[in-house]
Amino acid sequence: MAAVDDLQFEEFGDAATSPAANPGATTIHIEGPSESPTHQRGLPRGSGGEEDDELLGNDDSDKTELLAGQKKSSPFWTFEYYQTFFDVDTYQVFDRIKGSLLPIPGKNFVRLYIRSNPDLYGPFWICATLVFAIAISGNLSNFLIHLGEKTYHYVPEFRKVSIAATIIYAYAWLVPLALWGFLMWRNSKVMNIVSYSFLEIVCVYGYSLFIYIPTAVLWVIPQKAVRWILVMIALGISGSVLAMTFWPAVREDNRRIALATIVTIVLLHTLLSVGCLAYFFDAPEMDHHLPATTAAPNQTAAAAK
């Protein structure tokens, strides 16, 4: 009996000491009554990480659909095709405008602001605002120059709106198209050239024109020296954005071709700036003075007497 009791006691002692000696037995004992809470705590952690990954994946997939998928699936004559180009929020637009006004040396404007979600919303409205700013400021400048002249009769020149729209939108679309074609051609010749999409190039040119909106308003000041100082400041800021953006795309090319490309970009931008200033503000205005024929009846009456 003593041996049996000892055996039973030893078995009981082993059973009692085994949970303390084996942490696995303790976990099994705890999991029994709290199995469901343990899994409930573990699942949210795993699901939370998976949800974050899924959200990141959904963001990437959304961007992919916006930039590639929907554009390929939707025909270009449909509204859905162009809707993707305007899918941008106000914060992104303001951030890109700020980047065009404060270019950072050594930073690529496309990679820093545009590549995540290129848009046409900002460039379209920047060009539209610039058109009306140039046309209205040009008319107002002409009015202020002749203000106080009794023989001057103000006639608004609405044709300046259509001329400004043609110049600005042609520059904002045709020059990027030509540059995109040139970069694609050089990319086929030199494989190390950084490639930009046509939408990214249009976006860069559109945002680079924002500086000319306040500049056009200040061109109302009837002093040529002030106007030319303003145009040089605007040209320096916007031209530096273009040069720093497209230099990485051509620096691996032939040295002469790379320099010629950047010089051509800056010269075309200079031509736009100087041309708008010279045509809309410094050009000789049409003679809108009151005609001297109003005094002709009195003169003929006096001659008849």
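General observations
- Filtered residue count, region 113-144, keeping only those that are within 30 Å of Trp247 (Cα to Cα), at pLDDT below 85 and open to solvent by less than 20 Å² (accessible area, probe 1.4 Å): 0
- Conditions (1) open to solvent by less than 50 Å² (accessible area, probe 1.4 Å); (2) farther than 27 Å from Asn139 by Cβ; number of the one not met by Leu277: (2)
- If the condition is being open to solvent by 70 Å² or more (accessible area, probe 1.4 Å), assigned to a helix (DSSP H, G or I) and not β-branched (Val, Ile, Thr), then region 145-160 contributes only Arg159.
- Matching residues in region 222-253 - criterion: being in contact (Cβ under 8 Å) with a residue 60 or more places away in the chain and outside any helix (DSSP H, G or I): Pro222, Glu252, Asp253
- Number of positions in region 212-227 that are closer than 30 Å to Ala258 by Cβ and surrounded by fewer than 20 Cβ atoms within 10 Å (Cβ to Cβ): 0
- Against the criterion of being of a type in the set (Val, Ile, Thr) and under 14 Å from the mean Cα position of the chain (by Cα), Ile221 does not qualify.
- Counted residues, region 114-169 - those being closer than 30 Å to Gln92 by Cβ and touching a residue at least 40 places away in the same chain (Cβ under 8 Å): 22
- Within region 79-95, the set of residues being open to solvent by less than 40 Å² (accessible area, probe 1.4 Å) and outside any helix (DSSP H, G or I) comprises just one member, Val88.
- Restricting attention to region 165-211, the residues that are among the aliphatic types (A, V, I, L, M), surrounded by 15 or more Cβ atoms within 10 Å (Cβ to Cβ) and assigned to a loop (DSSP other than H, G, I, E, B) add up to 4.
- Close pairs (9 angstrom Cβ cut-off, 6 or more residues apart or separate chains): under 18 Å from Tyr113 (Cβ atoms) and aliphatic (A, V, I, L, M) in region 73-91, surrounded by 11 or more Cβ atoms within 10 Å (Cβ to Cβ) and modelled with pLDDT of 85 or more anywhere: Val88/Arg96; Val88/Asn117; Val88/Pro118; Val88/Asp119; Val88/Leu120; Val88/Tyr121; Val88/Gly122
- In region 96-112, the residues that are part of a helix (DSSP H, G or I) and open to solvent by 40 Å² or more (accessible area, probe 1.4 Å): Lys98, Leu101, Arg111, Leu112
The values are calculated or read from the model by the stated rules, or taken from the named source; none is laboratory data. Treat the numbers as computed from the prediction; the structure is a model and nothing was measured. Every residue, glycine among them, receives a Cβ derived from its backbone with ideal geometry; neighbour counts consider all protein chains shown. Note: accessible area is taken over every heavy atom of the protein model, side chains too, but ligands, DNA and RNA are not part of it. Shrake-Rupley method; radii C 1.70, N 1.55, O 1.52, S 1.80 Å.
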